Amino acid sequence: MSALPNTGKLKLVTRYLLQHRHEPRECGVVFASFKGFESPLRHEATLASCRSGGHSIWWTVEADDEARALQLLPAYVAERTTVARVNEVEIP
């Protein structure tokens with residue numbers, strides 16, 4: 001245990017669900033837009049429905065606000081993405 005007093009406040013980070021939709025013909029552009037774009041989402045697994053014909057991609061991210069959540073995506077993807085603030089719940 002630390003003898004130092006706790007003088008700082010914990011900053012709560014908000015969780016968002018990003019849902020991106022595109023047309024079947026746009027798949028290549030969507031995935032290519034991540035090349036050269038610095039993001040912690042690159043090279044990470046996420047859910048997508050492209051292979052089953054749905055052409056949506058979902059990411060769960062933590063960010064200070066909706067704008068910062070969208071900044072994790074390349075502009076081409078972010079412009080076609082909706083943002084929802086979410087929390088985990090236990091289903092009874």
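Worth pointing out:
- Residue in the stretch 53-64 that is in a helix (DSSP H, G or I) and among the aliphatic types (A, V, I, L, M) present: no
- Residue pairs whose Cβ atoms lie under 8 Å apart, sitting 6 or more positions apart in sequence or on different chains, and linking a residue in the stretch 30-50 that is closer than 13 Å to VAL77 by Cα to a partner that is of a type in the set (Gly, Ala, Ser) and modelled with pLDDT of 95 or more, are SER33/ALA75.
- Within the stretch 29-52, tally of residues that are part of a loop (DSSP other than H, G, I, E, B) and open to solvent by less than 80 Å² (accessible area, probe 1.4 Å): 9
- Within the stretch 1-28, restricting attention to residues that are modelled with pLDDT of 95 or more and among the aliphatic types (A, V, I, L, M), the residue that is surrounded by the fewest Cβ atoms within 10 Å (Cβ to Cβ) is LEU17.
The values are calculated or read from the model by the stated rules, or taken from the named source; none is laboratory data. Please read all numbers here as calculations on a predicted model, not as lab measurements. Ideal geometry is used to build each Cβ from the backbone, glycine not excepted, and the neighbour counts take in all protein chains shown. SASA here: full protein model, heavy atoms, side chains in, ligands and nucleic acids out. Shrake-Rupley method; radii C 1.70, N 1.55, O 1.52, S 1.80 Å.
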